[in-house]
Amino acid sequence: MAHGNSVFRRFLLASTMLAFAASAQAVTEIQFWHAMTGANNDRINDFAKKFNESQKEYKVNAVFKGSYPEAMAGAIAAYRAGSAPAILQVQEVGTATMMSAKGAIKPVQQVMADAGEKFDPKVYVPAVAGYYTNTKGQMLSFPFNSSTTVFFYNKDVFEKAGLDPNRPPATWPEVMAAAAKIKASGAATCAFTTAWQSWVQLESFSAWHNTVFATKENGFGGNDPKLVFNGPLQVRHIGNMQDWAKKGYFTYAGRKTEPESKFYSGECAMLTTSSAAYGTIKQNAKFKFAVAPLPYYADVAGAPQNTIIGGASLWVMGGKSKDEYKAAAKFFKFLSDPERQAIWHQTTGYLPITLAAYELTKKSGFYEKNPGTDVSVKQMIVKTTDKSRGIRLGNFLQIRDIIDEELENIWSGKKTAKEGLDAAVARGNEQIEKFAKTAKE
Amino acid sequence: MEKRARFRSAWVPYALILPQLAVTLVFFFWPAGQAVYQSVYIQDAFGGNLQFVGLDNFRDLFNDEHYLASFKVTAVFSVLVAGLGLSVSLLLAVFADRIVRGATVYKTLLIWPYAVAPAIAAVLWVFLFNPSIGIAAYWLKRAGVDWNFVLDGDQALMLVVAAAVWKQISYNFLFFLAGLQSIPKSLLEAAAIDGAGPVKRFLTIVFPLLSPTTFFLLVINVVYAFIDTFGIIDAATSGGPGQSTEILVYKLYKDGFKGLDLGSSGAQSVILMLILITLTVFQFRFVEKKVHY
């Protein structure tokens, strides 16, 4: 690689110099790689365009780089070849990998301080800011698009099945009772489904019940936590879901967003997924629907606590010039504007990541006009505990894949809930150990 | 006596093969060398913290029951893809060869799927068999089959095998048809006069004379099933449900590009490389001996 690198680097250097010579001298141009599609992509391009028009010194190039893992793999390859983007959008599961990449990233708090920009982590919603803050209290990345897990239900089906469409089930036993009624009345062929099963039914589920998912404060306190999501509560819930699958109340439809289409096509009556699905569902559903808080078990002490975030944050890559860092800082300041944050929240279904954006949206009457859009916010704006702050694990992406595989084995009846979760914990712990080997502090 | 053309100077032949050699070096040997190099190190995603670990990555792999399970999936998958792919296309080629009227239309239609990219082929099949909206899934359900390949591993495997075979049939078909047409008609006519029926003629004359083609296609199809079906798996099932369709090349991709574990991914490439080399050598040394040229 060494030879190839230097040749490649020289080539890049030459081409960049040419590019620079051609463009006006004073403008500092930086690359911003992201993974937003559809309407969210338009919104990001719009942000970049407005930023570029607002001043003359800096130019941000927003580039779509495929899915989150693709964008990240691409940026890593680019970093190794010495041509990383200045700003990279990284999914929440990639957080630990980025944090341990010393030298490859520059903490956002540092970037802001060096550029002389004011940056106060306290303006952010605690559950969001806490996720991207290291053990020393330094905020490492810039929170951008965060979502959380919520419950959607089809009001028309509820009415047809003889249920009260204005009283969504609040607990899992109530979900189950509603599912039985929907099935028996034939109001829908599929009663309940879930997207992002690992995130919703295990990660967020644990935080929501103030139950530990992994030791060392769910991985916030060090690189070598042990997974413990095979506890009695999780086994009970996954076992229940297996039972519902057998009875036909729960229909498994895929690991990612595939189940969402089953909901907005009208096939499934109830869905748990990301709050950010709101826009897509609203666009496609030809029936009345509503958002409700994630169901819980009422007999568990401390439940409901808070749900945890998904989505992504913006990281600043290492090895850039002072001017480039300044450009990144200016762009972040631009994005931090409460008005902009409020628009982002209202149009995408992502959380308002600053308290000011939340207040602004509340004052504008948005929540009254769009009932249910504040469910996610209310689930998040509480004081978090060590068990509910979030989950940060090395090789989290692989651990999620492992959990997906084992859950599929449970839904199809190949394993019991206990066997499946035990296997997922054991296999996941191997991944964490592997990660800890290369990520020594 | 020597009739072959000879080069006067020593370097001309080398110069002539140099471009091909350069391509092979840059696109095959260099990446392969990289894989071997990576396989004995562990490193974090950004290339920092490089540590030499010897054969640890390999040892971890062979202690990992899920990696071993992936071998089994790959074996079943490639036997099915190569076996079905070859037999179906041979059947089609034999029939196409017998047709007199409208032969071009049939041939053209049969060749079409080859122009479809693997990922697109997968999307088409998934669309047909999608448990909630697919028309084929609807028929299956009407026939009483509990069709849900999202959850049923065997069904998922059948689906990716079908897509992979469908995609490869055209290629096999072309070669088989060419092979069939190069068999001298006089041989078949002589056999017919001697009283051999179509089946007997196929078994005793056509199939043996076709064996070089069959052998060539066997090698190509096994390699295809091992490597090129990646796009189909990725678009149709992403290796799931569970690990039912996670063939070696998919696991390698998942660990390397999504999991960013370059050490293990490098070790897996080396193993895959060795398997393919062994298989190809085996096929040439042993299967080839049974082949009539």
(message) I'd like the full set of residues that are touching a Lys or Arg at 6+ places or on another chain (Cβ under 8 Å) and among the small types (Gly, Ala, Ser), limited to segment A:192-240.
(response) A:195, A:198, A:206, A:207, A:214, A:219, A:222, A:239
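Any idea which of B:168, B:155 is within 27 Å of the chain's Cα centre (by Cα), crowded, with 19+ Cβ neighbours inside 10 Å and within 27 Å of residue A:407 (Cα to Cα)?
On the way: B:168 fails: within 27 Å of residue A:407 (Cα to Cα).
Testing whether each residue is within 27 Å of the chain's Cα centre (by Cα), crowded, with 19+ Cβ neighbours inside 10 Å and within 27 Å of residue A:407 (Cα to Cα) leaves just B:155.
Select from segment A:305-331 the residues that are polar (S, T, N, Q) and not in a strand (DSSP E or B) and write down the one among them that is nearest to residue A:117 (Cα to Cα). Quick ask: steps written out before the conclusion?
First, pick out the residues of segment A:305-331 that are polar (S, T, N, Q): A:305-307, A:313, A:321.
Then keep just the ones that are not in a strand (DSSP E or B); that gives A:305-307, A:321.
Values: A:305: 35, A:306: 32, A:307: 32, A:321: 17 Å.
Applying the filter and picking the extreme gives A:321.
Hey, among the residues in segment A:54-103 that are part of a strand (DSSP E or B) and within 13 Å of chain B (Cβ to nearest Cβ), which one's nearest to residue A:333 (Cα to Cα)?
From segment A:54-103, those part of a strand (DSSP E or B) are A:58-64, A:87-91, A:102; that's our starting set.
Those still in the list that are within 13 Å of chain B (Cβ to nearest Cβ) too: A:88, A:90-91, A:102.
Values: A:88: 16, A:90: 19, A:91: 21, A:102: 24 Å.
Per the stated criteria, the residue is A:88.
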(message) So, residue A:241, is that one assigned to a strand (DSSP E or B) and closer than 27 Å to residue A:372 by Cα or not?
(response) no
(message) For a quick check of your reading of the model, give me the residue pairs whose first member lies in segment A:34-52 and is closer than 20 Å to residue A:316 by Cα, whose second is part of a helix (DSSP H, G or I), with beta-carbon atoms closer than 6 Å and at least 6 apart or on different chains.
(response) A:34/A:44; A:35/A:68; A:35/A:71; A:36/A:44; A:51/A:331; A:51/A:334
(request) Identify the single condition in (1) in a helix (DSSP H, G or I); (2) of a type in the set (Val, Ile, Thr); (3) at pLDDT below 90 that residue A:361 does not satisfy, given that it satisfies every other one. (result) (3)
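In this structure, is residue B:264 within 14 Å of another protein chain (Cβ to nearest Cβ), assigned to a helix (DSSP H, G or I) and touching a Leu at 6+ places or on another chain (Cβ under 8 Å)?
On the way: within 14 Å of another protein chain (Cβ to nearest Cβ): yes; assigned to a helix (DSSP H, G or I): yes; touching a Leu at 6+ places or on another chain (Cβ under 8 Å): yes.
The answer is yes for residue B:264.
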(request) State the number of residues belonging to segment A:424-441 that are more than 10 Å from chain B (Cβ to nearest Cβ), over 24 Å from the mean Cα position of the chain (by Cα) and crowded, with 16+ Cβ neighbours inside 10 Å. (result) 0
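Considering B:206, B:161, which residue is touching a residue at least 60 places away in the same chain (Cβ under 8 Å), more than 27 Å from residue B:76 (Cα to Cα) and among the β-branched types (Val, Ile, Thr)? Break it down stepwise before answering.
On the way: B:161 fails: more than 27 Å from residue B:76 (Cα to Cα).
The match here is B:206.
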(request) May I ask you to say which residue of B:47, B:54 is of a type in the set (Gly, Ala, Ser), loosely packed, with under 12 Cβ neighbours inside 10 Å and on the phi > 0 side of the Ramachandran plot? (result) B:54
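Given the options A:400, A:389, name the one that is assigned to a loop (DSSP other than H, G, I, E, B), more than 9 Å from every other protein chain (Cβ to nearest Cβ), within 18 Å of residue A:204 (Cα to Cα) and touching a Phe, Trp or Tyr at 6+ places or on another chain (Cβ under 8 Å).
Sole residue among the options that is assigned to a loop (DSSP other than H, G, I, E, B), more than 9 Å from every other protein chain (Cβ to nearest Cβ), within 18 Å of residue A:204 (Cα to Cα) and touching a Phe, Trp or Tyr at 6+ places or on another chain (Cβ under 8 Å): A:389.
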(message) So, in segment B:138-151, how many residues would count as being surrounded by fewer than 20 Cβ atoms within 10 Å (Cβ to Cβ), within 14 Å of another protein chain (Cβ to nearest Cβ) and either assigned to a helix (DSSP H, G or I) or under 24 Å from the mean Cα position of the chain (by Cα) (or both)?
(response) 2
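Which one of B:88, B:79, B:105 is surrounded by 15 or more Cβ atoms within 10 Å (Cβ to Cβ) and either of a type outside the set (S, T, N, Q) or touching a Pro at 6+ places or on another chain (Cβ under 7 Å) (or both)? Talk me through it step by step, then tell me what you get.
On the way: B:79 fails: surrounded by 15 or more Cβ atoms within 10 Å (Cβ to Cβ); B:105 fails: surrounded by 15 or more Cβ atoms within 10 Å (Cβ to Cβ).
Only one candidate qualifies: B:88.
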(request) Taking residue B:254 as meeting all but one of (1) over 15 Å from the mean Cα position of the chain (by Cα); (2) part of a helix (DSSP H, G or I); (3) crowded, with 18+ Cβ neighbours inside 10 Å; (4) in contact (Cβ under 8 Å) with a residue 40 or more places away in the chain, write down the number of the exception. (result) (4)
(request) Could you check how many residues of segment A:337-353 are touching a residue at least 40 places away in the same chain (Cβ under 8 Å), surrounded by 21 or more Cβ atoms within 10 Å (Cβ to Cβ) and out of contact with any Pro (no Cβ under 6 Å at 6 or more places or on another chain)? (result) 5
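The values are calculated or read from the model by the stated rules, or taken from the named source; none is laboratory data. These figures come from a predicted structure and were not determined experimentally. Don't worry about glycine lacking a Cβ; one is built from the backbone with ideal geometry, like all the others, and counts go over all protein chains shown.
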